[in-house]
Amino acid sequence: MAFNYENYLRPGKLPHIWCPGCGHGIVMKGLIRAMDTLKLDKSNTALVSGIGCASRLPGYIDCCTLHTAHGRGAAFATGVKMARPEMNVIMVGGDGDGTAIGGNHFIHACRRNINMTYIIMNNYIYGMTGGQFSPTTPTGHKASTTPYGNPDPNFDIAKLAIGAGASFVARGTAFHANQIDKLIVEAVQHKGFSVVEILDDCPTTYGRRNKFKSVVEMMNRLKDMTVPVKAAEKMTAEQLQGKVLTGILHKEDKPEYCEEYAKVINRAQAK
Amino acid sequence: MTQKVAFLQGNEAAAQGALYAGCTFFAGYPITPSTEVAEVLSNELPKIGGKFIQMEDEIGAMAACLGASLTGAKVLTSTSGPGLSLKQELIGYGCIAEIPCVIINVMRGGPSTGMPTGPSQSDIMSAKWGTHGDHPAICLVPASVQETFEETVRAFSLAEKYRTPVMIMPDEIVAHMRERVVFPAPGELEVITRTAPSVPPEQYKPYDTSFGDVPPLAAFGSGYRFHVTGLNKAQDGFPTTKASLVQAEEERQVRKVDANIDDIVTFEEYCLEDAEVVVVAFGSTSRSVRYAINIAREQGIKVGMFRIKTIWPFPDKQIKALASRTKAFITPEMNLGMCTLEVERCAEGKAPVHGIFRVDGEPINPDQILAKIKEVK
């Protein structure tokens, strides 16, 4: 029997705003399957986002949804989680929102290791504003504000999250649709700050400027450029040249922020 | 019952006022001269099971407050000039999404880093116009430590009652001076908590105007599922660009305050009955004014003070009434004429307005005010 997405979608809110060929819808379906697998109580789940194409996702999902300001999703979500730790808090957003204007909130949420999941849809571009380069746009690539090629070095979001202290970091792609929900399930089940980067495509503002002939070609690139971590173990450095690892990249047990603050409350009340 | 009395500075009194009002969540970022608010609450909130978090920046602190408020908590942040500039982005979010929150902004010299330890009254226009777009503004300007306690309580009640951000702006002198504070007994001051929805979750709309201009706000995690956005929204909370809906919602947001000015605006009239010269002042400056008026009165000069306690919404009606029976206004303030502009607007040319402006980090002395009184009487 085909999976029924209706239970988690708000009636009357589709069609979504995303362009034909955009991978965000694939990620949203993965998130819904993950929510279903986890049997998340919709009334006790907050879905928080910033601004951008990816950040429109919460509006379609039937739970407590908070579409905040550009880059501020992690800080709003921190307030929700701190004030009501029993809620499941999931953040979604794009690469520009999360790693440029929201970069500070992102790394500090990682550092605190507060128990929530952040799904970053990395399509290498500011799509909603028409295709300006983001901190993840590869060097040399074209964007509406890099007509001569991007001079900036780019972020590796997963490495950034690991370096900042996130205790669970995974990466998937919009091509590997069936893996997305599995990564999100593991991330939500993990206690601490979990980051799931999904490499995504923006045919409208990134693909057409960078000589991708079709969405299929962009999807194939996501397939060709990635290697599962398990497979990478058996590969040489030469074979891994230019490849991006997918799967669970980092997982560790670390003190979780809300639990640590509960200890603060205990110490204050014991005085 | 014995009265609880303490010797507190303004910032400490603000923190105590927040606790009295039922604040259970504080997010902040260190900044002089408001940091004591955060320090006191980092100590006190966990004792009552509340939450204190020091965020990575001022914007994050504002964001965390708004997120926490949506779960039903009464929330506070504190800051000063440069921090207020950063918070403006999300103060606007609080206005459009209609999320109750209280912001304490201790006024120091500006612009930019300015004079971090020097007093100022130059943020009042930022309270009204700081965030972009049309929006409601409520801002309280206490003049004593006791009043800072009481006005902080009132700030929470106004935020909860009108479902909007409320600012309280003591100048640095009020925030850092120490005075005797008598703690009001529980129940002595009015404490208002936001209205929860009376309809079941499936019928709930977060901006349902059939309940009036201030629709009930459900809490995340209480069984109600709804959408919150900073985009112009319809009554169901979802984004809209439909002209008639956007116009109606924008007007309602501002009307929440404009239609309730008499409920919000507070002031003190000092020696105004027979006053020919009226000094309009607020914050610590009003203390120098009171001293100057007492001396002037001994010398037979008919002068009084209209002390602004609520700067936004501005007491238009009261100033307009005074203008028709006043020889002259004097407006001393620690900025280059912000409140003066408002008094001029309300005076409508019926009485001249003489400003006394100081931005050198020093208070306006009674001597300066007395000299001006004698000059214009």
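Read the figures in this text as sums done on the coordinates, not as results from a lab. Everything numeric here is computed off the predicted structure, so don't read it as measured data. Here the Cβ is made from the backbone with ideal geometry for all residues, glycine too, and neighbour counts use every protein chain on show.
Observations on the structure shown:
- Each pair of Cα atoms in region B:201-261 enters the Kirkwood radius, and Stokes-Einstein at 4 °C and 1.567 mPa s then converts it into a translational diffusion coefficient of 105 µm²/s.
- The ranking of B:330, B:48 from fewest to most other beta carbons within 10 Å of each one's beta carbon is B:48, B:330.
- Shown for A:5, A:124: other C-beta atoms within 10 Å of each C-beta, ranked fewest to most, produce the order A:5, A:124.
- Residues listed by number, region B:146-182, amide nitrogen under 16 Å from residue B:47 label point at 7 Å toward C-beta: none
- Contour minus Cα-Cα distance for residue B:377 and residue B:189 (0.36 nm per residue): 63.7 nm
- Chain B, relative contact order [Cα under 8 Å, separation at least 6], %: 16
- Chain B: most fluctuating residue of B:84, B:158, B:245 per GNM, C-alpha cutoff 10 Å: B:245
- Other residues with beta-carbon under 10 Å from the beta-carbon of residue B:14 carry, at +1 per Lys or Arg and -1 per Asp or Glu, a net charge of -3.
- Peptide A:58-68 has a mean shielding of 6, counted as Cβ atoms of other protein chains within 10 Å of each residue's Cβ.
- Residue among B:334, B:62, B:177 with the largest mean-square fluctuation in a Gaussian network model of chain B, springs linking Cα atoms under 10 Å: B:177
- Residue exposure sequence - A:106, B:238 - by fewest surrounding Cβ within 10 Å: B:238, A:106
- In the protein assembly as shown, the DSSP-assigned H stretches of four residues or longer account for a calculated mean residue ellipticity at 222 nm of -11000 deg cm²/dmol, using -39500 (n - 2.57) per stretch and the full residue count as denominator.
- For the pair region B:349-377 / region B:69-94, the C-alpha centres are spaced 34 Å from each other.
- Residue-span extension gain [residue B:134 to residue B:247] - 0.36 nm each, minus C-alpha spacing: 39.6 nm
- Spin-label proximity, residue B:336 to region B:101-117 - amide N less than 17 Å from point 7 Å beyond Cα toward beta carbon: B:108-115
- Rounded to 10°, Cα long-axis angle of helix B:81-97 versus longest principal axis of chain B: 50
- Most mobile of B:332, B:46, B:170 in a GNM of chain B (Cα contacts under 10 Å): B:46
- Bridges between two residues of chain B, per DSSP, are antiparallel at a rate of about 35%.
- Region B:201-261, relative contact order in percent, only Cα pairs under 8 angstrom and at least six apart counted: 29
- Computed with the Debye formula from one identical point scatterer per Cα of region B:200-358, without solvent, the log10 of I(q)/I(0) at q = 0.17, 0.18 Å⁻¹ comes to -0.91, -0.98.
- Relative to the longest principal axis of the Cα atoms of chain B, helix B:243-258 runs at roughly 50 degrees.
- Rounded if a/c under 1.5, otherwise prolate or oblate - chain B, Cα gyration tensor axes: prolate
- Cα gyration tensor category, rounded, prolate or oblate, for the protein assembly as shown with a/c compared to 1.5: prolate
- Compared with the dominant principal axis of the Cα atoms in chain B, helix B:145-162 is inclined by about 40°.
- Percent RCO, i.e. relative contact order, over region A:39-109, from Cα pairs under 8 Å lying at least 6 residues apart: 37
- A convex hull fitted around the alpha carbon atoms of region A:16-270 yields 123 Å³ per residue.
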